[in-house]
Amino acid sequence: MSEIRTERLTLRRARLEDLAEIHAVLSNAEATRFWWTPAYTDLEETRLWLQATIDAPADESDDYLIEYQGRVIGKAGCRRLPVIGFILHPDFWGRGLAREALEAVIERIFATSSVEALTADVDPRNAASLGLLRRLGFVETGRAQGTSEVGGELCDSVYLALARPGAVAGNDAPSA
C-alpha cells in the first residue's frame, strides 16, 4: 500500500507535483536547522531530492510525504531502511502531527519489512526531535562528535534505536 491514513493525516508516496509544497519545507531554515543539508535555496535542489525519493528502491526505502488538510507539510519514514527521519514545516509544530505521522509509519514499517530495529541519528541540540523519539520508545545507543558537516558547521550525533516489538533494541544501531 502506498498510503496511510490517520485521524488527521494522509501519508503517501511522493509525486513530482509535490515539488512546490515540499520545497516550502526544505527551503525553510527553521525546519532544516538540524536536517542533513542546509535549507535548499532553489527549486532544482528540491526537485533532485524529490526525484531521488520517488526513485528509491521499494526494498530499501519506506518514505512518506505528510499531508494535512490537503497540503504537504513534511515527510516521515526511511529513505534508506532502517534509518528513520522526519521533517515538518514549523507552521505545524506543536500540534502532535509529527508523532501521529511517525506512529503510523513505524507501525507500517514493522508490519511490512523484516528490519529488527529502526535507527535514528539526531543532532544533540535538537531537543524536540530527541524528546519525540524517546516518547515513541527509541532508546539511546551511542553518541559521537563531528559526524557530519552541514553548511560549514560540524555536527555531533545521538544514535537511537527502536526494536521491533518483541526484539532487543540496538542490534542494528550505530554506536559511538
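Please work out which residue is most open to solvent (accessible area, probe 1.4 Å), limiting yourself to segment 134-146 and to residues that are assigned to a strand (DSSP E or B) and at pLDDT 95 or above. Outline the logic, then answer.
Filtering segment 134-146 down to residues assigned to a strand (DSSP E or B) leaves 139-146.
The next check asks that each one be at pLDDT 95 or above; those that pass are 139-145.
Values: VAL139: 67, GLU140: 81, THR141: 44, GLY142: 12, ARG143: 118, ALA144: 27, GLN145: 161 Å².
Checking each candidate, the answer is GLN145.
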Evaluate segment 82-99: report whether one residue or more is open to solvent by less than 20 Å² (accessible area, probe 1.4 Å) and touching a Ser or Thr at 6+ places or on another chain (Cβ under 6 Å).
-> no
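Out of the residues in segment 100-111 that are under 15 Å from the mean Cα position of the chain (by Cα) and aliphatic (A, V, I, L, M), which is surrounded by the most Cβ atoms within 10 Å (Cβ to Cβ)?
From segment 100-111, those under 15 Å from the mean Cα position of the chain (by Cα) are 100-109; that's our starting set.
Of the ones still in play, those that are also aliphatic (A, V, I, L, M) are 101-102, 104-106, 109.
Working: ALA101: 28, LEU102: 23, ALA104: 20, VAL105: 24, ILE106: 20, ILE109: 19.
For segment 100-111, the residue satisfying everything is ALA101.
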Listed residues ALA31, ALA14, ALA24; which is on the phi < 0 side of the Ramachandran plot, of a type in the set (A, V, I, L, M, F, W, C), at pLDDT 95 or above and in contact with a Pro (Cβ under 9 Å, 6 or more places away or on another chain)?
-> ALA31
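The values are calculated or read from the model by the stated rules, or taken from the named source; none is laboratory data. Bear in mind that the values here come from a model prediction, so they are computed numbers and not experimental data. With ideal geometry, Cβ positions are generated from the backbone for all residues, glycine too; neighbour counts draw on all protein chains shown. Only protein heavy atoms, including side chains, enter the accessible area calculation; ligands, DNA and RNA are left aside. Shrake-Rupley method; radii C 1.70, N 1.55, O 1.52, S 1.80 Å.
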